[in-house]
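First up is the structure itself, then whatever we jot down about it.
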Amino acid sequence: MLPTTKPDTIIHYDDPVCCGQFSNDGNFFYTCGKDFKVRLYDTSRMNDWKHYKTVEYPFGQWTMTDAHLSPDNKFLAYTSLRSDVCITPTDPRDTGDPYTLDFSDHTLPAYRGDFPIFSIRFSGDGRTLVAGTGHPASVIVYDVERRQAIHRVQAHQDDVNAVCFADKLSPHILYSGSDDCIIKVWDTRSIGDGREAAAFVGHIEGITYVDTKSDGRYVLSNGKDQSMKLWDLRMAMSKTDFDEANPMHVTRNRYYDYRIEDYNESEWFPHPNDNSLVTFRGHKVKRTLIRCHFSPPGSTNSGYLYSGSADGCVYIWNPDATLAAKLDVGAATENTRPASNGHRRYRVHNWGGRGWGSRNWDTLVRDVSWHPHAPMLVASSWSGHDLIGGTASIHTYNLDMDFETRQVTDVMSTNFAEEG
């Protein structure tokens, strides 16, 4: 029961959507946009979503980068290219303003002032946050109650784009993925000495995202080498073996600029020290930090692995790297919105009917979220004319292909609108 290309609903935004995820219980969904706004939707009735809250990241720089829910779903942490992490309550009855946690440290020159935070995650007990940063390329472990950093480790030789905990129920083992092409394994009980516990080697370009199966064993990563990789913690390279093999000499002279260039597939090669289990290829990791995930245990027994893609598709793989499904989000959303990004119109658009028409519509799927209990996923995308807008398209398993697809501009629909 895999979701299909044809969307049930398309929510339109005036800015690209950077990330979007369901809560652990599936009762609400959030999106983060390049306009520095977080929008929350009540999804307890899966066929009738209701927008109920919008909060902002104050004084954000360039874009929002990440967001993550606390284990009890009560708080959402979200970030930009600044050293402040915003926290907002998710309860619709709580109308209080978000508060910020300052991850900088004025006593340490390297952590003084603003630096970009690319990734943020709550620990399994909700007491700490871990952040992946740049300038310096560090991992910060932060005590939420005490509002101060417990550890600051210059963890990599380049920006840390992704962090996550190995087990959502444990606050100890965590992963960090970097533009230096390495995924490192850390134990928060010994991270203070700056020495990683182990490493995963195999990507030949920078890491864009890391996800865990939440069993303390398997981890998934996306790389700018147009590859997704599955890893087993039991096969991680020890610190001693890592130092002896010196695997970074293989990638030291990489020069691919994923922000503006197409990847030259003739430049790809298997890393000689690759310790991954499976490599998945076919999608495109370009322009931004494309995300990948394990499918949920509740509805799929974690039987699939999936990723967004710069070609406007969602790729769903079986564990043996065979393609299980490919959802063409670009085709599903093409020309479903006026060419002018300033339009504020609500419109129901019949799938297969006539759109507004344009030759330069494009789509990039940055994030995808699979509902924890239903055959439904949401693709959060940059889309529209010259990628200046965004969509969150809702795709379900549905045998009836004759229904109409609702097109909703987020600021106009009575269901999804912001107050005022």
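Every number here is computed from the coordinates shown, using simple stated rules; none is lab data. On a predicted model such as this, the values are computed, not experimentally measured, just so you know. Please note: Cβ atoms are built from the backbone with ideal geometry, for glycine as well, and neighbour counts cover all protein chains shown.
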Cβ-defined net charge surrounding Val153, 12 Å radius [Lys, Arg +1; Asp, Glu -1]:
0
Kindly provide the pair-distance distribution of segment 7-409 built from C-alpha pairs, with 10 Å bins from 0 and whole-percent values in order of increasing distance.
5, 24, 34, 26, 10, 2, 0
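Explain nothing, just the number: dipole magnitude of segment 7-409 about its Cα centre with +1 on each Lys and Arg Cβ and -1 on each Asp and Glu Cβ, in debye rounded to the nearest 20.
The dipole magnitude comes to about 620 debye.
Based on other C-beta atoms within 10 Å, arrange Met64, Met248 from fewest to most.
Met248, Met64
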Any idea what the relative contact order of segment 62-205 is, in percent, if you count C-alpha pairs under 8 Å spaced at least 6 apart?
15 percent
As an exercise, use a Förster radius of 41 Å and the Cβ-Cβ distance of Tyr397 and Ala245 to find the FRET efficiency, rounded to the nearest 0.05.
0.35
Taking only DSSP H segments of four or more residues, each worth -39500 (n - 2.57), what value at 222 nm results for the chain once the sum is divided by all its residues, to the nearest 500 deg cm²/dmol?
-1000 deg cm²/dmol
Value of relative contact order over the chain, rounded to a whole percent, pairs C-alpha under 8 Å and six or more apart:
17 percent
Just rank Glu261, Glu145, fewest to most, by other beta-carbon atoms within 10 angstrom.
Glu145, Glu261
Roughly how many whole Å is it from the C-alpha centroid of segment 132-186 to that of segment 249-287?
23 Å
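Run through the DSSP bridge list for the chain and note the antiparallel percent, rounded to the nearest 5.
95 percent
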How would Arg127, Arg366 line up from fewest to most surrounding beta-carbon atoms within 10 angstrom?
Arg127, Arg366
For segment 212-320, which chymotrypsin sites (Phe, Trp or Tyr not before Pro) are both in a DSSP coil and crowded by at most 12 other Cβ atoms within 10 Å?
Tyr255
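Hey, with R₀ at 56 Å, roughly what FRET efficiency would Asn335 and Arg189 work out to, going by the Cβ-Cβ distance, to 0.05?
So, using R0 = 56 Å, E works out to roughly 0.55.
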Treat each spin label as a single point 7 Å out from the Cα along the C-beta direction, and report the Ile150 to Asp274 distance in nm.
3.6 nm
Arg254 and Thr100 label points (each 7 Å along its Cα→Cβ direction) are spaced in nm at 3.2 nm
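Could you give the length gained on full extension between Arg127 and Arg281, defined as 0.36 nm per residue of separation minus the Cα-Cα distance, in nm?
Gain on extension, Arg127 to Arg281, equals 51.8 nm.
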Taking 7 Å along the Cα-to-C-beta vector as the label spot, tell me the Met46-Ala321 distance in nanometres, rounded to one decimal.
3.2 nm
Normalise the Cα radius of gyration of segment 14-121 by 2.2 N^0.38 Å (N = residues in it) and let me know the number.
1.10
What does the net charge come to around Trp268 if you take all other residues with beta carbon closer than 15 Å to its beta carbon, with K and R at +1 and D and E at -1?
-1
Cross-link partners among lysines for Lys74, C-alpha distance below 29 Å, same-chain residues fewer than 8 apart left out?
Lys34, Lys37, Lys50, Lys53, Lys168, Lys213
